[in-house]
Each structure stands twice: as C-alpha cells, then as structure tokens.
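The structure under discussion appears below in the form of structure tokens.
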Amino acid sequence: MRELLRLLRLVRPFAGQVAAATALGVATVACGIGLMGTAAFLIAAAALQPSIAELQVAIVGVRFFGIGRGIFRYLERLASHRLTLHLLGRLRVWFYEALEPLAPARTLSMRSADLLTRAVADVESLQELYIRVLAPPLVAVAVGAGTGFFIGAFHLSLAVVFLCLFTVAGIGIPAGIHVLGTRIGNRLTRTRADLAATIVDGIQGMADLLACGQGASQRHRVEELSLRLVRDRERASRVEALGTAAMTFATHASVWIVLVIAIPMVRAGFFDGVGLAVLCLVAMAAFEAVQPLPAAARHLSEQLAAGRRVFAILDARPAVEDPARPATVSGDISPPAVKVRGLEFTYPGSEEPALAGLELELPAGCRLAIVGPSGAGKSTLAHLLLRFWDPTAGEILLADRPLSDYRLDDLRRIVGVLSQHIDLFTGTVRDNLLLASPAADAAALEEAAGRAELLSTIHALPEGWDTWIGERGLELSGGQRQRLAIARVLLRDPALLVLDEPTTGLDPVTETRLMRTLRQLMEGRTTILITHRLVAMEAMDQILVLDRGRVVERGNHGQLLKLDGLYRQLYEAQQLTLS
C-alpha cells in the first residue's frame, strides 16, 4: 500500500491532465451506454409501429452517440498518452536526479546491468500507471454512479441491485486477480532484470567468455532466462484472460439478474416493455467501464514490483551531501593550499583501513607526487579530495576550509581530475570536449587542444572536430584518449589538479611525451600526481611514499633515492624493467 501511495503521488503534478483524460474516458463510455440505450428504445418502439415523428429523437440520439463515441475515444487516447509521456519524462528525470548523488560511493555495489534495467524497463513499466491502473477505476466509479442514477428512474430497487452487482464485479474480480497476479508480477520483474543483467554481462565480457570457452554456457544461460520470461508472461496472460472471462460472465449474469427482477415490475405496470429493453442494454453497456479492471489489477502487481526496485534507488542515502551553509566560491579561483590532518578512511564492508593517520601540507602552487605499490591507498586520497566519500576520521582542508564546507558542484569545479579510466562518450571529438565547458567557443577548443598537443591529430581525422570517436572513444588510441581528457581538463581550468595514474597502459615513448604535456598542465596549479610509475619525479616538489595506507617516506626525488627505502626499491625495479 505504501508503494501504491507513492506511485499515486507521482501523478499529483498532472492532476489537471488526469481529470481531463478521465472526463474524456467517462464521456466515451457514456456515449457507448447512450448508443445502446437509444438503439434499444428505437428498435423496441419501432416494433409497435408508432408515428415516425415519435422516433426522431431516438434516431438523432443514435447518430449523436455513435459519432460522439468515436470522437471522445480519440480525444481520450490523445490526452491519456500525452499524460503518459509527460509522466515517463518526469520519472526518468526523477530517477536520474536521485541516482546522481549516489555515485560512486553507493553505486559501486550495484551491477550496471541491474541499474540499466531499473532506469529503463522498470521506469517504463511505471509509465502505464495512469492508463492501466489509475484511469479504469476512476472511469468505473463515475460510470457506475451515473448508470445507477439512470436505472433508479425506473425503480429504486433496480438501481440498488445494479450497483451491488456492478460493485462486486468491479472490486471482487480485480481483487482476486491481484492476489493471483502478485507472485507472478514479482517473478516477472525479477526474471526480466536477471535476463537484462545476463545479456549486458555477456556483451561486456564477450571476448573473455570466448577466450575461456564459456560462450556456449553463457548462451544457455540467456536461453534459460528467456524461456523463463516467456513462461512468466504466459502465466501473466492466463491470469489476465481469467479476469476477462470472469468479467464477461459477471456482465451477462448481471443482465440476467436485472432482467429477472424487472419482468415482474413490467407486469405490475411500473414501466413498459420498451423500458425493459432499454434497461437491460444500458446495464450491459455500463459494464464496459469495469472490463479493464482485472487487467489493471494484474498490471498493478507488476508495477508495484517495479516501483519497489525504483524506490530502492530513490530511498538510498548519498554518502556525502551538500552543507546547509556552503562556502562562497568566487569565479576567479587561485591555486589553493591543501592540508590533510590525521586522515583515516575505511571502505564500507572492509576491516582494513585504506588510509591511516595521513598528514600532509601542500602549499599553493606546489607539485606533490604520491607513489607506492598497488593497494597502498593512493587513489583513495583522490576520491576523498573529490568528496566521493567522507573520511572516517581526520579532515582535508582546501584553502583553509574543510571540504565539507563546499558545495559538491563548487568543489568539483575547483578540483580537476585526470584519471586512469578515461570516460569518453559515443559522439564527436567536439561533443566530448564540450562536456567540460558547454559554452566554450571554437577558439577555446582550439587553444585547449593545442596545449594538449591534440590539435594536429584532430585536423588529421576524417571529419576533424566532428569525427565520431566510437563507444568509449575506441576509435582513438590510448594516448589520443588521454590527450582528449587533458584538453577537457584544460577547458575547465581547475585550480587544483589531481592526476590519478594518468599514464597507465601507455608505452614508454608515449608515456614520456604525455608527461611532458602534463608538466605544462601543472603550471600555475596546485598538483597532486598519484602514480606507481616513477617517471619525471625530479619535476615534483614533494614525493609522498605510501604503503598499506600509511606514509613511510617523504621528500624530493634526490632525497628519497639516497635513502635505502621503498621508493628506491620501486625506482630501481622500474629501471630494471625498462632496461
């Protein structure tokens, strides 16, 4: 019930459109009832061979209701589908707005395929909330009340009987279908999510699956889930068909009951035989309003299951939040000083701290390299600087203010990150650069690409700036992707630069050239270089050596080489590898 109330609240901003679409739905069914009633009167009265003048109103009524039904049905479809599309747009934006603050701290434990299913299939399932779940009961209530009032004009007891039968059919049958369909709806939603996750995993890992000889097993898994989904849909269809059959039986049974009760009233003179024909056909036509209710009950089960999956994302609390009174950040940001005091951090679910007791003071404009073996906690520091997480203990000061004093958007405008994982999007070179600064003009793009030593590459591409770079930028080489990322950072012009393993996966020649470009990027910025590759360390003002989350050495390149410590071991091992 709680999920249903939350789903209904989604429609509240569209209350006017809901009222208009419902009114059109009621008018459509009312025209159908009017058509059946006037047709019954016309046929029954014509059998008595009255004057044609007495039938003129009924003849006009048949034409009016016949034409009106088609017009109102078209307008109702137009209004309801327009409402559905608006609701779908709101749901997608609402889901994304809730998901964005969760990244990356809360989304690391979520499978990408499962997130995709929630964002697409589950959200699209909820778009039918109005058409399949909300509209049918509203129309049924309005039509039932109006028809009951009309039948009451013949005899009050007939109206009571009709309303009782209408209510039992409109509530009892859908309730039973909902009970039968709840388990099927939950299973259908789970199977759909599992199938989507399996397909996405298979596509993403296809090369590894083939290399390991597991392509056939993956295919069998997809086939198994596909067959399970087909079976679940067949069960859902059978439940829906059962509801339709039950409603058809209830419609005809109700007409028979009304007929049996009304015949003695005709004999008693309460109304004539023409009225009996009108009464029976009006009662039968009114049941059109409750025909969709069993399907609505079945779809409600599926949508409640989808709603629970969507709400699980929407209800998740972000790991970090904006402060109530954020610090003001001016448009012209100068290089900030960075201070780290007693910093400790442990990832959720882990017992070993990733960082422990880290102390650091980095003056404005200084260049710091943080080095160490894999798993030493280097990248964790970059994540904390961006406030992807908050420290378990201690604090980080930026320009003498704790990071938690800044709005997240302001903080990430101050801090620019060049990561080992370059996120390029399917689009053109220009599109990917404009992500950093949508308002940048052609001159700014040229300058950033030139400083990143990417301009000649762009001009050599088949369509220059408008060259399609493929999914994840796979049409570019590793070095070109890194330079495109550097140009994107240059467009943002951050005051604090964090370089997180920027040369990972590059050959030594490309790495050397890229480091030369990065040295230019560091000019005039406070810089933190996080790397396990000890290249161009002599250009760094300070070097911090981490091991198991703790600082074991600090100094510059020359000082650390003189020590017979971890830094010297890492440097000599790297030189041996290169030689």
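Please treat every number below as a calculation from the coordinates, not as lab data. Please read these numbers as outputs of a predicted model, since none were measured by experiment. Counting neighbours? That spans all protein chains shown, and the Cβs are built from the backbone with ideal geometry, glycine included.
Give the percent of DSSP beta bridges with both residues in the chain that are antiparallel, rounded to the nearest 5.
Percentage antiparallel, nearest 5: 50.
Which is the longest stretch in the chain that no exposed loop site breaks, taking sites as GluC sites (Glu not before Pro) with a DSSP loop state and at most 13 other Cβ atoms within 10 Å?
1-320
Explain nothing, just the number: dipole magnitude of the chain about its Cα centre with +1 on each Lys and Arg Cβ and -1 on each Asp and Glu Cβ, in debye rounded to the nearest 20.
1660 debye
Compute the signed sum of charges (Lys and Arg +1, Asp and Glu -1) over the other residues within less than 15 Å, Cβ to Cβ, of Leu87.
Residues near Leu87 contribute +4 overall.
Can you give the convex hull volume of the alpha carbon atoms of segment 398-507 per residue, in Å³?
112 Å³
Once Lys and Arg get +1 and Asp and Glu get -1 on their Cβ, which of Met515, Ala487, Thr531 lies farthest toward the positive end of the dipole of segment 443-579?
Thr531
Please list the three semi-axes, largest first and in whole Å, of the ellipsoid equivalent to segment 338-578, using sqrt of 5 times the eigenvalues of its alpha carbon gyration tensor.
31, 22, 16
Rounded to the nearest 0.05, what FRET efficiency is calculated for Thr248 and Asp423 with R0 set to 56 Å and r the Cβ-Cβ distance?
0.50
Using a cut-off of 13 Å between beta-carbons, work out the net charge of the residues near Leu454 (Lys and Arg +1, Asp and Glu -1, Leu454 not included).
Overall, the nearby charge balance is +3.
Taking the chain as the reference, fit the longest principal axis to its C-alpha atoms, fit the long axis of helix 56-99 to the helix C-alpha atoms, and give the angle between the two in degrees, 0 to 90, nearest 10.
Helix 56-99 and the main axis of the chain meet at about 20 degrees.
Once all Cα-Cα distances of segment 296-436 are split into 10 Å bins that start at 0, what whole-number percent is in each one?
In whole percents, the pair-distance histogram is 9, 30, 30, 19, 8, 3, 1.
Roughly speaking, what is the stretch gain from Ala444 to Gln204, that is 0.36 nm per residue apart minus the C-alpha to C-alpha distance, in nm to one decimal?
That works out to 82.8 nm of additional length.
Hey, rough spin-label estimate for Val552 and Ala211, points 7 angstrom out along Cα→Cβ, what's it come to in nanometres?
3.1 nm
Take the alpha-carbon positions of segment 189-246, form their convex hull, and give its projected area averaged over all directions (one quarter of the hull surface) in nm².
Average of the hull's projected areas for segment 189-246 equals 3.9 nm².
At 222 nm, what value in deg cm²/dmol follows for the chain if DSSP H runs of at least 4 each add -39500 (n - 2.57) and the sum is divided by all its residues, to the nearest 500?
The per-residue figure over the chain is -19500 deg cm²/dmol.
Return the distance in nm (one decimal) between the two label points of a simple spin-label model at Ser437 and Val60, each offset 7 Å from Cα along Cα→Cβ.
Each label point lies 7 Å from its Cα, and together they span 7.3 nm.
Quote to one decimal, in nm, the extra length available between Ile263 and Leu116 on full extension: 0.36 nm per residue of separation minus the C-alpha distance between them.
46.9 nm
Using a Förster distance of 25 angstrom, determine the FRET efficiency expected from the C-beta separation of Arg519 and Gln575, and round it to 0.05.
After rounding to 0.05, the efficiency reads 0.75.
So for segment 338-578: antiparallel DSSP bridges make up what percent, rounded to the nearest 5?
Taking every DSSP beta bridge within segment 338-578, about 50 percent pair in antiparallel fashion.
What net charge is computed for the residues neighbouring Trp465, neighbours being all others with C-beta under 10 Å from the C-beta of Trp465, Lys and Arg scored +1, Asp and Glu -1?
Spelling it out: positives minus negatives among the neighbours equals -3.
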